Amino acid sequence: QVQLVESGGGLVQAGGSLRLSCLASGTIGSIDVMGWYRQAPGKQRELVARITSGGSTNYADSVKGRFTISRDNAKNTVYLQMNSLKVEDTAVYYCKATRLWLDYWGQGTQVTVSS
């Protein structure tokens, strides 16, 4: 089992920045991909960014150039630096880890961007 705990969400004005953190614990060996997803009210959960154990990254088009995902394997933590936030970035952000073809999810952290 892998446990994931997100932190760093909050309320920020448009144009501001936040950094989300996701700490993994439990059976964390062989975690391959870690990623951030988000779900806004009334919408489906969508990929924001993902990073492999080798450091390869993918981003949703809507966040390219504004968000940066990074991973500290020594600390078992993945980060999402979010800059130039927009009102439409408002959502619950979830961390996901994939280990041996199984997906594990965190509880989510709320990000609210005000105009």
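The values are calculated or read from the model by the stated rules, or taken from the named source; none is laboratory data. Every value quoted in this text rests on a predicted model; they were computed, and no experiment measured them. Note: ideal-geometry Cβ built from the backbone for every residue, glycine included; neighbour counts use all protein chains shown. Heads up: the accessible areas ignore ligands, DNA and RNA and are worked out on the full protein's heavy atoms, side chains in. Shrake-Rupley method; radii C 1.70, N 1.55, O 1.52, S 1.80 Å.
Could you check the stretch 52-69 and list, in sequence order, the residues that are within 14 Å of the chain's Cα centre (by Cα) and modelled with pLDDT under 95? Correct list: Thr52 only. Within the stretch 1-22, residues that are under 19 Å from Arg50 (Cβ atoms) have Cβ atoms under 9 Å from residues that are in a loop (DSSP other than H, G, I, E, B) and open to solvent by 80 Å² or more (accessible area, probe 1.4 Å) in these pairs: Leu4/Gln107; Val5/Gln107; Glu6/Gln107, counting only partners at least 6 apart in sequence or on another chain.
Taking interchain pairs and intrachain pairs at least six residues apart, which have beta carbon atoms under 6 angstrom, with the first residue in the stretch 56-83 and within 23 Å of Gly16 (Cβ to Cβ) and the second among the small types (Gly, Ala, Ser)? Filtered contacts from the stretch 56-83: Tyr59/Ala49; Arg66/Ser84; Phe67/Ala49; Ile69/Ala49; Thr77/Ser21; Tyr79/Ser21; Tyr79/Ser70; Asn83/Ser17. Do you know which residues across the stretch 91-115 are in contact (Cβ under 8 Å) with a residue 12 or more places away in the chain, more than 17 Å from Cys22 (Cβ to Cβ) and in a loop (DSSP other than H, G, I, E, B)? If the condition is that a residue be in contact (Cβ under 8 Å) with a residue 12 or more places away in the chain, more than 17 Å from Cys22 (Cβ to Cβ) and in a loop (DSSP other than H, G, I, E, B), then Leu100, Ser115 are the ones that fit.
Only one of the numbered conditions (1) open to solvent by 60 Å² or more (accessible area, probe 1.4 Å); (2) closer than 18 Å to Leu102 by Cα is not met by Tyr37, and that is (1). Number of residues in the stretch 62-80 that are assigned to a strand (DSSP E or B) and open to solvent by less than 60 Å² (accessible area, probe 1.4 Å): the value is 9.
Residues in the stretch 40-50: is at least one open to solvent by less than 60 Å² (accessible area, probe 1.4 Å), in contact with a Cys (Cβ under 6 Å, 6 or more places away or on another chain) and modelled with pLDDT of 95 or more? For the stretch 40-50, residues open to solvent by less than 60 Å² (accessible area, probe 1.4 Å), in contact with a Cys (Cβ under 6 Å, 6 or more places away or on another chain) and modelled with pLDDT of 95 or more: absent. Summed over the stretch 81-90, residues that are in a strand (DSSP E or B) and either of a type in the set (Asp, Glu) or more than 26 Å from Gly26 (Cβ to Cβ) (or both) total 1. Scanning the stretch 99-115 for residues that are surrounded by 18 or more Cβ atoms within 10 Å (Cβ to Cβ) and within 16 Å of Thr27 (Cα to Cα) gives Arg99, Tyr104, Gly106.
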